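Undergrad: If you scroll down you'll find the structure; I have some questions about it.
The values are calculated or read from the model by the stated rules, or taken from the named source; none is laboratory data. Bear in mind the structure is a predicted one, so any value in this text is a computation, not a measurement. As a convention, Cβ positions derive from the backbone with ideal geometry for all residues, glycine included, and neighbour counts pool all protein chains shown. Please note that ligands, DNA and RNA were not included when accessible areas were found on the heavy atoms of the full protein model with its side chains. Shrake-Rupley method; radii C 1.70, N 1.55, O 1.52, S 1.80 Å.
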Amino acid sequence: MSTVRKQTPVSVEGRLGRANEHPGRHDQDYRRRRDALAARAENHRVGAPYEDVAYTEDEHRTWRTVHDALAPAHRTHACREVLAAGEAADIPAEQIPQHAEITPGLRTRTGFSLTLAGGVVPNERFLGAMEHGYFHAVQFVRHPAVPLYTPEPDVLHDVFGHGIHLSSPGIAELYRVIGRAANRVRTTEALDILSRVYWYTLEYGLITEAGEPKAFGAALLSSYGEIAAHEVREVRELDLCAAASTQYRISSYQSVLFAARSFAHLEDAIGRFCAEFDDDTGNRLGLPSLPRNRQ
Ligand SMILES: [Fe+2]
């Protein structure tokens, strides 16, 4: 495995302080719970075992609310590859599954395992681990006041988004391809470019079916408020140079989304972009140097 940067779980103060709209901002009990679960990731070694969470009934209720909203929303708005992967993933309706319950199925289907995160993980570690079949996932649950949107990754996002993706061999391979490219580069600028490619495809990508953009990205799949995002957002045909030149925001809706013509188009685009990606690719393609991604 490549050298990976240690993750330092972002405190609730640091994380929520930037995300002014976070619904848990003034809820001290929520913040303590969220921070305690995030803190478990400190010093976590990629792939090492970790403890289950004793989720509360309130947290399970949030899960059920989101599940009941997303299941029909996926049938209406998700692309075919995601619907097929969702069948395989067989996400429970009533209870939040433990990471340890999800990983064996992923490992069987695609070789992936969940590994513990405490929030947003540095690009080098997050992307690099994907080459080796590890996906960083958190254990905490979004605030119950706004169950259908979260400004940061939570267990619902990781299961309904990435858990579904990583149940499909074809989609999981895209994670590995981006991870392989990330492990080839050393500069922050190159990793930032790859993080934008990742963001606009695996998090927020669309795939056009019969002339209509359908949700592919994990962030869209896990957010009832965003899954039909193409109806209110500017949608451009997938162009990874354009995507890599577009700054994104972690904690709010994106202003532009990119739609592949098909899943094969998405595979081809990511495969070509990543195949020879190196520290000089940004210069060769004339990609702009952007400020760090905004929260
Ligand atoms: Fe994500």
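Undergrad: Using the charge dipole of the chain (Lys, Arg: +1 at Cβ; Asp, Glu: -1 at Cβ; taken about the Cα centre), state which of Gln254, Thr65, His26 has its Cα farthest towards the positive end.
TA: The listed residue farthest towards the positive side: His26.
Undergrad: A further question follows. Taking a point 7 angstrom from the Cα of Ala242 along the C-beta vector, which residues in the stretch 205-221 have backbone N less than 19 Å away?
TA: Within reach of a label on Ala242: 205-217.
Undergrad: Tell me, what is a quarter of the convex hull surface for the C-alpha atoms of the chain, in nm² with one decimal? List each step's numbers first, then the result.
TA: Working: hull surface 54.4 nm².
Averaged projected hull area, Cα only: 13.6 nm².
Undergrad: Only four residue types carry charge here, +1 at the Cβ of Lys and Arg and -1 at the Cβ of Asp and Glu. Report the dipole size of the chain about the Cα centre in Debye, rounded to the nearest 20. Before the final figure, lay out each step's value.
TA: On the way: 33 positive and 39 negative charges, 123 e Å.
Result for the chain is approximately 600 debye, rounded to the nearest 20.
Undergrad: Report the longest stretch of the chain that contains none of the GluC sites (Glu not before Pro) sitting in a DSSP loop with at most 11 other Cβ atoms within 10 Å. Walk me through the numbers on the way to the answer.
TA: Details: sites that count: Glu21, Glu51, Glu94, Glu276.
Formally, the longest exposed-site-free interval is 95-275.
Undergrad: Measuring with a 1.4 Å probe in the full set of protein chains, what accessible area per residue, in whole Å², belongs to the chain? Mind dumping the intermediate values first?
TA: Details: 12460 Å² over 295 residues.
About 42 Å² of surface per residue is accessible.
Undergrad: Under a point spin-label approximation (7 Å from Cα along Cα-to-Cβ), what is the Thr76-Glu94 distance to one decimal in nm?
TA: 2.7
Undergrad: Measure off, as a whole percent, the carbon and sulfur share of the 1.4 Å-probe accessible area of the chain, all protein chains present.
TA: 49
Undergrad: Using a Gaussian network model of the chain whose springs link C-alpha atoms within less than 10 Å, name the residue from Ala229, Ala243, Ala269 with the highest mean-square fluctuation.
TA: Ala269
Undergrad: Then there's this: Please identify the helices of the chain, taking whole runs of DSSP H, that span at least 18 Å along their own axis as judged from the Cα atoms and have a mean Kyte-Doolittle score of -0.5 or higher. Walk me through the intermediate numbers first.
TA: Details: long enough: 57-77 (29 Å, -1.50); 169-184 (23 Å, -0.11).
Qualifying helices: 169-184.
Undergrad: Can you pull the Rg over Rh of the stretch 14-131, Cα-only, Kirkwood?
TA: On the way: Rg = 16.2 Å, Rh = 16.7 Å.
So for the stretch 14-131, dividing Rg by the Kirkwood Rh gives 0.97.
Undergrad: Just read off the accessible area of Phe263 with the full protein assembly in place, 1.4 Å probe, to the nearest 10 Å².
TA: Accessible area of Phe263: about 30 Å².
Undergrad: Now for a different question. Based on DSSP, what percent of beta bridges with both residues in the chain are antiparallel, to the nearest 5?
TA: Looking only at bridges with both residues in the chain, the antiparallel portion is about 25 percent.
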